[in-house]
Amino acid sequence: MRKAVFFSLFGLAFFLSCSHDGQSVKSAEGLPRAEFADSVYDFGQFSGTGDELVKTYEFWFTNTGDSALVINHVEPSCHCLAAEYTQNPVAHGEKGVVRLVYDGAENKKTTHFYRTAVVYSNASNNPVTLVVEGEVVIPTE
């Protein structure tokens, strides 16, 4: 499954890199555009119990478009991932945030995770997919 996801993402990245002839992608006239500083975050390995298995990452973005950006909703891929986000309109040139909270407390064994959250907005580059991944290490007894 990881190979399928990897090759799908690789193919998409290749397609997008070829589709604009090396020029930066510009926002559609009159529309907002969410430019995220990053879209993937790796928590690495972590272990513990309870709250030690809860990890948070903030994905910051700038509205580089021409009008106010409004996030309609964020759809996490799993019940173990929660999303909080800027609720107010983000004006041109201003910043907003999507905060993802991964709760690894339900893991009963060491496991690698790869979770996505799809951000739906009125931006010209809607939707945007954010990724958190890592490895929860559960000690054997």
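Values quoted throughout were computed directly from the atomic coordinates according to the rules given, and no laboratory measurement underlies them. The structure displayed is predicted, hence computed values, not measured ones. Here the Cβ is made from the backbone with ideal geometry for all residues, glycine too, and neighbour counts use every protein chain on show.
Remarks
- Other-chain or far-sequence residues with amide H under 5 Å of Ile138's (modelled H): Thr110, Thr111
- Per principal axis, descending, Cα span of the stretch 37-141 in whole Å: 57, 19, 18
- Average Cα contact separation per residue, the stretch 89-141, under 8 Å, 6 or more apart, as relative contact order %: 36 percent
- Full extension of the chain segment joining Arg115 with Gln87 gains 7.8 nm, where the gain is 0.36 nm per residue of separation less the Cα-Cα distance.
- Around the amide H of Val54, modelled in the peptide plane, lie the amide H atoms of Gly104, all under 5 Å away and 5 or more residues distant in sequence or on another chain.
- Note on Ala37 and Ile138: with the Förster distance fixed at 41 Å, the Cβ-Cβ geometry gives a FRET efficiency of about 0.85.
- Simple point charges give the picture: +1 on the Cβ of Lys and Arg, -1 on the Cβ of Asp and Glu, and for the stretch 49-141 a dipole about the Cα centre of about 140 debye.
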